[in-house]
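> Have a look at the structure that comes next, please.
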Amino acid sequence: MTNVATDYDEVRSDVKESQDRSLEALQSANAPDARSVVRELDESDALDEAMTPGGEFVAEELIVEVIPQAEDEFTCHSCFLVRHRSQLARQKNGRSYCIECES
């Protein structure tokens, strides 16, 4: 009896045939062309701009009242939040820092 060396890196014939059939099936499938995909994405983006996460259309302008910083408030140079003077931890080079950023 003669021992024959086996090349384990070689693709088995049944696997190779299966790969070829899969490739042929993919190539023959009715894949959409790139232009139609881009057109569909553009159409859905146009619809998304006017919709909220819940799906309802919003056609009104939001109005926000901006209140100026008061005399007893400061803006933390680290977190950029407006804080009351009681939250002031330190001032350095004209910059104010809150207690939370200093801890």
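The values are calculated or read from the model by the stated rules, or taken from the named source; none is laboratory data. For clarity, every value in this text was computed on a predicted model and none was experimentally measured.
> What do you reckon, is Glu73 modelled with pLDDT of 75 or more and of a type in the set (Asp, Glu)?
When the stated conditions are applied, Glu73 passes them.
Table: residues versus (1) modelled with pLDDT under 70; (2) not acidic (Asp, Glu).
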{"position": "Asp14", "(1), (2)": "no, no"}
{"position": "Asp20", "(1), (2)": "no, no"}
{"position": "Ala29", "(1), (2)": "yes, yes"}
{"position": "Ser36", "(1), (2)": "no, yes"}
{"position": "Ala46", "(1), (2)": "yes, yes"}
{"position": "Ile63", "(1), (2)": "no, yes"}
